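The values are calculated or read from the model by the stated rules, or taken from the named source; none is laboratory data. Computed from a predicted model, the values in this text were never measured in an experiment. Cβ coordinates were reconstructed from backbone atoms using ideal geometry, including for glycine residues, and neighbour counts include every protein chain displayed.
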């Protein structure tokens, strides 16, 4: 598989996010990328918007793992069924997620994650 295929780019993005390497991960994101999460999180735009959502959310994590269970690709669209695992100080939290990525010219231009927000918020530290 070529390193610049849509699937490889989506996988590289998630791999960089496991150790929370925002700088590396966000180099794979277009300046006008739309990132959408279920309510109450909602939508943001661009690398700065994505970082503003993810950085505070992942602050309590000691380790992350994004297990790709299934992948489907159609042209520039990548669908990834994942099990997102987050190690907190006292436990692992797991969240089933389906993510849709659109990749154009080697950059993620659209990212939408589907998950049950209550599943993660009920397990997450209150801050």
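Would it be correct to say that residue 111 is closer than 16 Å to residue 13 by Cβ, touching a residue at least 40 places away in the same chain (Cβ under 8 Å) and either surrounded by fewer than 14 Cβ atoms within 10 Å (Cβ to Cβ) or touching a helix residue (DSSP H, G or I) at 6+ places or on another chain (Cβ under 9 Å) (or both)? In short, yes. In this structure, residue 46 qualifies as surrounded by 16 or more Cβ atoms within 10 Å (Cβ to Cβ) and over 12 Å from the mean Cα position of the chain (by Cα). Of all residue pairs spaced 6 or more apart or on separate chains, those with beta-carbon atoms under 6 Å, a first member in segment 54-69 that is more than 22 Å from residue 80 (Cβ to Cβ) and a second member that is part of a strand (DSSP E or B) and at pLDDT below 95 are 62/87.
Of the numbered criteria (1) without any contact (Cβ under 8 Å) to a residue 40 or more places away in the chain; (2) more than 15 Å from residue 113 (Cβ to Cβ); (3) crowded, with 16+ Cβ neighbours inside 10 Å; (4) in contact with a helix residue (DSSP H, G or I) (Cβ under 7 Å, 6 or more places away or on another chain), the one residue 95 fails is (2).
Tell me, please, whether a residue that is farther than 18 Å from residue 106 by Cα and in contact (Cβ under 8 Å) with a residue 60 or more places away in the chain can be found in segment 21-37. Don't jump to the end; show me each part of the working.
From segment 21-37, those farther than 18 Å from residue 106 by Cα are 21, 36-37; that's our starting set.
In the following step, the residues that additionally are in contact (Cβ under 8 Å) with a residue 60 or more places away in the chain were identified as 36-37.
Within segment 21-37 (the criterion being farther than 18 Å from residue 106 by Cα and in contact (Cβ under 8 Å) with a residue 60 or more places away in the chain), the answer is yes, since at least one residue qualifies.
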